[in-house]
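Below you'll find the structure, written out as structure tokens, and then a few comments.
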Amino acid sequence: MVVLGIDIGGSGMKGALVDSLTGEMLTERYRIPTPPSRKPKEMAIVVNELVQHFNHKGPIGVGFPTVIKNGYCKSPGNLHKKWLDINVQELFAEATGLPVTVINDADAAGYATMNYGIGKGKLGLVIMITIGTGLGSGAFLDGELIPNFELGQIPYKKFKKIESWASAAAKEREELSYEKWGKRFNTFLGLVELLVSPDLIILGGGTSKKFNQFKQCITIGTPVIPAELRNEAGIIGAAAAAMHHAPKHFIKE
């Protein structure tokens with residue numbers, strides 16, 4: 001089934017058509033900058049612009065950069081505070097006129113990695129960390145998703161959440177070298193290791209492409225590896241999630 005996968009981030013909203021059975025992207029991804037306001041109405045308009053770009057008439061899967069519970073945003077994260085308690089699924093469905101499935105963006109990236117990428121067949125507790133504007137995280141136990149595992153929200157020193165100090169956005173804002181930032185990121189991974197004792201940590205998001213530039217800073221005991229799907233993981237995982245929720249008349253055997 002062809003699904004439009006959309007990956008929403010603090011700086012960009014990206015989409016592509018995906019074969020949700022194989023995880024293959026059928027088009028190049030198309031990116032539109034996230035509106036500066038990061039408000040619901042403006043972002044819903046961009047979601048519809050992505051739909052129109054691909055002339056898509058079927059199900060849509062969206063990876064969203066906050067905690068999502070039963071379609072509702074339970075924390076605004078790095079977006080505008082107006083997102084709190086908004087039914088994101090309903091908002092995007094109304095904007096596009098199409099069935100929409102919304103899951104946390106790190107859950108989406110993890111879902112893709114565990115089903116189609118380097119995490120396939122990995123058992124035990126696997127944590128997916130997406131490095132971007134924030135620090136997203138997805139958790140999988142023997143391949144099954146544990147939703148809304150938001151480890152980037154851990155308070156740290158004077159920061160309300162550690163992602164404010166150790167994300168890619170913090171690296172860019174403070175103009176940190178990969179070595180200096182890598183030490184911060186290693187501190188974050190050390191807390192993850194202490195709290196949940198994972199068997200494997202997989203890194204996703206744009207910064208994971210540069211793993212060789214900071215891997216020497218990673219000193220925790222848990223194995224840490226970069227994801228193979230890179231920036232496409234959020235799009236592919238969102239599309240795969242949509243396949244399981246699409247109305248039957250959209251699903252062609």
Students often check this: by mean Cβ neighbours within 10 Å, which of 171-177, 160-166 ranks highest, and how do the rest follow? 160-166, 171-177
Taking N as the number of residues in region 121-226, what is its alpha-carbon radius of gyration divided by 2.2 N^0.38 Å? 1.00
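Quick one: which of 80-86, 135-141 comes out on top by average Cβ neighbours within 10 Å, and what's the full order, highest first?
Details: 80-86: 14.6, 135-141: 25.7.
For the peptides 80-86, 135-141, the packing ranking is 135-141, 80-86.
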The chain: calculated mean residue ellipticity at 222 nm from DSSP helix runs of at least 4, using -39500 (n - 2.57): -9500 deg cm²/dmol
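Taking the Cα centre of the chain as origin, sum charge times position over the Cβ atoms of Lys and Arg (+1) and Asp and Glu (-1), and report the length of that vector in debye to the nearest 20. Working shown, then result.
Details: 28 positive and 24 negative charges, 157 e Å.
Dipole magnitude for the chain comes out near 760 debye.
Leaving ligands, DNA and RNA out of it, rank 2, 192 by accessible area with a 1.4 Å probe, largest first.
On the way: 2 70, 192 0 Å².
If we order 2, 192 from most to least accessible, we get 2, 192.
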For the chain, modelled as a GNM with alpha-carbon contacts under 10 angstrom, which of 191, 50, 229 fluctuates the most? 191
With each label point set 7 Å from Cα along the Cα-Cβ vector, what nm distance links residue 144 and residue 159? 3.3
Report the gain in length on full extension from residue 210 to residue 69: 0.36 nm times residue separation, minus Cα-Cα distance, nm rounded to one decimal. 47.5 nm
Could you identify which residue out of 96, 34, 219 has the top mean-square fluctuation in a GNM of the chain using Cα springs shorter than 10 Å? 219
Provide the descending list of Cα extents for region 39-119 along its principal axes, expressed in whole angstroms. 36, 31, 19
With the dipole of the chain worked out from charges on the C-beta (+1 for Lys and Arg, -1 for Asp and Glu) around the Cα centre, which of 45, 8, 181 lies farthest toward the positive end? 181
Which value, in Å³ per residue, describes the convex hull spanned by the Cα atoms of region 91-147? 99
Averaging sequence separations of C-alpha pairs under 8 Å and six or more residues apart, then dividing by the length of the chain, give the relative contact order as a whole percent. 23
To the nearest 20 debye, what charge dipole does region 121-226 have about its Cα centre, counting +1 at the Cβ of each Lys and Arg and -1 at the Cβ of each Asp and Glu? 440
First obtain the Kirkwood hydrodynamic radius of the chain from its Cα pairs, then insert it into the Stokes-Einstein equation at 25 °C and 0.890 mPa s, and state the resulting D in µm² per second as a whole number. 136
Selected from 124, 143, 182 as most flexible by GNM, with the chain as the system and alpha-carbon contacts under 10 Å: 124
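The values are calculated or read from the model by the stated rules, or taken from the named source; none is laboratory data. None of the values given here were measured: they were computed from a predicted structure. A quick note on method: Cβ atoms are made from the backbone with ideal geometry, for glycine too, and the neighbour counts reach across all protein chains shown. Side chains included, ligands, DNA and RNA excluded: accessible areas come from the protein's heavy atoms. Shrake-Rupley method; radii C 1.70, N 1.55, O 1.52, S 1.80 Å.
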